[in-house]
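Please treat every number below as a calculation from the coordinates, not as lab data. The shown structure was predicted, so the numbers you read here are calculated from the model rather than taken from an experiment. Cβ sites come from the backbone with ideal geometry, for glycine too, and all protein chains shown count toward neighbours.
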């Protein structure tokens, strides 16, 4: 998998899966733009530690449509061509029905969907429009096992990721004629900051035992799948949603 002279945008790339994906693409010759929202120090550290040259970080709130527009304009101004987009930015907010009033419930849903689903759709819009003019490309969306098995007390997260799957498949059919591949990776639990409290808490061991491997995924394992889906020769996987959950949940 060679990404020499390829330009890659990774949203939410300052930590976790995004950080690992940036490293994996850069090791294969790619030039990386790391999108971040708040943690500029972490984003800068990722960029400074990537092999190769031409990498940069760009601040944007993916939940804000105007911010997405500005991000994509900045990226395409810096890169003459955008070859790969990885939609990784997301949030995982608890909102148990029994413990929240209606206003809190609505706020949790809006915040989650604005970033996890609508934000992804908006990035896809600008990426696809650019790729149409430049001969094609790859879009890889980060979904979740929760889209299939459910996310109790995090229902908006599960629903948003199910929406990402439907978005992925619809765009794969719409954009194939433009030589744009759209696929998704659906991890289970991953050793990231987002999952840290659960993995370190009283349910951590039970979560790890959901997989016959007795552990959760590393960010690098998910990143490898993302790189594969974005690689030359994997175009016929367009529309595919690849499970990376260690057989913790098997679907037919």
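Considering Cα pairs under 8 angstrom that are at least six residues apart, work out the relative contact order of region 108-252 and quote it in whole percent. List each step's numbers first, then the result.
Working: 214 pairs, mean separation 39.1, N = 145.
That works out to 27 percent.
In a fully extended conformation the segment linking residue 179 and residue 132 would gain 16.1 nm over its present Cα-Cα distance, using 0.36 nm per residue. Take the convex hull of the alpha carbons in region 85-185; its mean projected area over all directions comes to 6.1 nm².
For the chain, the longest principal axis of the C-alpha atoms and the axis of helix 65-78 are separated by about 40°.
Largest first and in whole Å, give the semi-axes of region 45-93's equivalent ellipsoid, each being the square root of 5 times a Cα gyration tensor eigenvalue.
20, 16, 10
The coefficient of translational diffusion for the chain, derived via Stokes-Einstein from the alpha carbon Kirkwood radius under 20 °C and 1.002 mPa s, stands at 118 µm²/s. Based on C-alpha pairs under 8 angstrom that are at least 6 apart in sequence, region 7-243 has a relative contact order of 20 percent. Among 153-164, 40-51, sorting by the average number of other beta carbon atoms lying within 10 angstrom of each residue, highest first, gives 153-164, 40-51.
Mind pulling the angle between the C-alpha long axis of helix 219-229 and the longest principal axis of the chain? Nearest 10 degrees, somewhere in 0 to 90. That helix lies at roughly 50 degrees to the long axis.
If r is the Cβ-Cβ distance from residue 39 to residue 110 and R0 is 30 Å, what FRET efficiency results, to the nearest 0.05? My answer for the efficiency is 0.85.
Counting only alpha carbon atoms, the long axis of helix 102-113 and the longest principal axis of the chain meet at about 30°. Distance from the alpha carbon centroid of region 32-60 to that of region 167-214 works out to 22 angstrom.
Between residue 251 and residue 59, the FRET efficiency from the beta-carbon distance, with R0 = 30 Å, is close to 0.20.
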